[in-house]
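What follows is calculated from the coordinates using simple rules that are stated; it is not laboratory data. Since we're looking at a predicted model, the values are computed, not measured. Here the Cβ is made from the backbone with ideal geometry for all residues, glycine too, and neighbour counts use every protein chain on show.
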Ligand code: URA
Ligand code: SF4
């Protein structure tokens, strides 16, 4: 079993899929090593690739607002992505790229062992809940995978593009916290 930092070292050298050829930095993920709440996005964008950190661009600012509105902080949660290297031009990761990378994410989830996982957007939903996952129909509902409670919601970038998604995004985040509090108080 790797430690989180050993896993990070492996990822930094990774050439398992073509995305390594165009990346500037591997975006491993960041936050509390024992976070109870974990957020999973799609993949690094331009800012993230430049800085090697997840959700630091415009979508990240919206996610930060959500995290703060819930009374949480970045330091108390963990944020990662389906792929750890930026797909060129921010395209959706190809199936084989996601399949190559998700093994790292699985290790990460095992090591961090969160109680609740929030999936941000359809790429995270499909790669974790199955290719039949449909964001508009299934966001805001609770999924259980083994011991993990999973709540999918819109990707913050989609919320930025469509104001109508904002209310659902907030209510999904609140649902995730409610579920977490129920578990905590058991
Ligand atoms: N979008 C994502 O899905 N992940 C990031 O880290 C940034 C933007
Ligand atoms: Fe490796 Fe993942 Fe980067 Fe592909 S995206 S090169 S699998 S770390």
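Here are some notes:
- Spatially, segment 22-63 and segment 156-185 are offset by 18 Å when compared through their Cα centroids.
- Computed over the chain with a Gaussian network model linking Cα atoms closer than 10 Å, the most mobile of 39, 169, 148 is 148.
- Rounded to 5, the percent of DSSP beta bridges in segment 4-184 classed as antiparallel: 30
- FRET efficiency, residue 6 to residue 91 (Cβ-Cβ, R0 30 Å, nearest 0.05): 0.50
- Kirkwood Rh and Cα Rg combined as Rg over Rh, evaluated for the chain: 0.93
- Within the listed set 101, 85, 14, the Gaussian network model of the chain (springs between alpha-carbon atoms below 10 Å) gives the highest mean-square fluctuation for 14.
- Estimated distance in nm for a label pair at residue 34 and residue 18, the labels positioned 7 Å out from Cα along Cα-to-Cβ: 4.3
- Relative contact order for segment 4-184: 24 percent, from Cα pairs under 8 Å spaced at least 6 residues apart, divided by residue count.
- Among 84, 174, 15: highest mean-square fluctuation, GNM of the chain, C-alpha pairs under 10 Å: 15
- Cα long-axis angle, helix 58-69 against the chain (0 to 90 degrees, to the nearest 10): 40
- Relative to the current alpha-carbon distance between residue 182 and residue 158, full extension at 0.36 nm per residue lengthens the span by 5.7 nm.
- Inter-label distance for residue 136 and residue 167, nm, one decimal - labels placed 7 Å from Cα along Cα-to-Cβ: 1.7
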